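The values are calculated or read from the model by the stated rules, or taken from the named source; none is laboratory data. Note that the structure is a prediction, hence the values are computed from the model and not measured. Positions of Cβ are backbone-derived with ideal geometry, glycine not excepted, and every protein chain shown enters the neighbour counts. Just so you know, the surface numbers come from the protein's heavy atoms only, side chains and all, with ligands and any DNA or RNA stripped out. Shrake-Rupley method; radii C 1.70, N 1.55, O 1.52, S 1.80 Å.
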Amino acid sequence: MAVGGTAAGIPAAVERAVDLAVGLPGRTGVIGGVESLVLDGRRLFFGFDFSSDQVLSPLIDDGEAMARFAARHMRQRTGAHDEVYWARLVRASVDGSDLVWRDEQRTFTTSALETGNAGAAHGHLLYLLDAATVEAADDTAEAHQAMGSRSTVANWSLLFAPYTRGTERSAGR
């Protein structure tokens with residue numbers, strides 16, 4: 001599972017174990033839905049707050065685990081719901097998205113990200129980068145300009161680390 005061990009091809013330092021029982025600090029009990037994306041052929045689910053454009057969960061590659069996480073840490077406008085309810089939303093996220101119109105906009109490969117060529121998914125990737133980051137404690141203008149002043153929540157580095165490596169390489173040319 002993307003939240004517990006090292007996925008094939010992902011360095012151990014990039015993929016950190018995430019405790020699904022805890023939830024994300026400051027993002028629990030928030031109203032949201034379930035979205036998904038595909039990275040290197042592997043479907044990954046995540047919670048998303050559409051009203052504030054924030055990621056509400058780690059990337060989770062198991063639908064049942066995503067439903068459990070959502071039942072414990074997320075809400076809908078109608079309140080809290082059980083795993084069966086959230087499992088329906090997990091299944092629906094495979095067939096469609098409320099964030100993008102075309103499936104290729106939420107399909108990524110590590111090799112394409114490393115070259116900085118995410119194709120049709122490029123804009124969505126940048127949107128997700130913003131939604132999955134938190135500001136550093138330093139509130140100065142210089143800190144906000146430095147990429148180090150932002151960090152991804154949970155294990156979202158699974159998706160962004162190859163993109164950042166590709167950007168660094170192309171910037172050095």
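Report whether or not Thr133 is of a type in the set (S, T, N, Q) and modelled with pLDDT of 85 or more.
Yes: the conditions hold for Thr133.
Please verify whether Gly29 is more than 12 Å from the chain's Cα centre (by Cα) and either over 22 Å from Val84 (Cα atoms) or at pLDDT 90 or above (or both), treating the condition exactly as stated. Criteria met by Gly29.
Has the range 23-33 got at least one residue that is in a strand (DSSP E or B) and out of contact with any Ser or Thr (no Cβ under 9 Å at 6 or more places or on another chain)? Break it down stepwise before answering.
Here is the first cut: in the range 23-33, the ones in a strand (DSSP E or B) are 30-31, 33.
Still in the running and out of contact with any Ser or Thr (no Cβ under 9 Å at 6 or more places or on another chain): none.
No, there is no match, as no residue in the range 23-33 is in a strand (DSSP E or B) and out of contact with any Ser or Thr (no Cβ under 9 Å at 6 or more places or on another chain).
The set of residues from the range 63-110 being in a helix (DSSP H, G or I) and under 19 Å from Trp156 (Cβ atoms) comprises Gly63, Ala65, Met66, Phe69, Ala70, His73, Val90, Ser93, Gln105, Arg106, Thr110.
Contact map, the range 81-101: first residue loosely packed, with under 14 Cβ neighbours inside 10 Å, second residue in a loop (DSSP other than H, G, I, E, B), Cβ cut-off under 7 Å, separation 6 or more or different chains; pairs are Asp98/Phe50.
A quick yes/no check of all residues on (1) modelled with pLDDT of 90 or more; (2) open to solvent by 10 Å² or more (accessible area, probe 1.4 Å):
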{"residue": "Ala13", "(1), (2)": "no, yes"}
{"residue": "Val18", "(1), (2)": "no, yes"}
{"residue": "Glu35", "(1), (2)": "yes, no"}
{"residue": "Arg42", "(1), (2)": "yes, yes"}
{"residue": "Asp53", "(1), (2)": "yes, yes"}
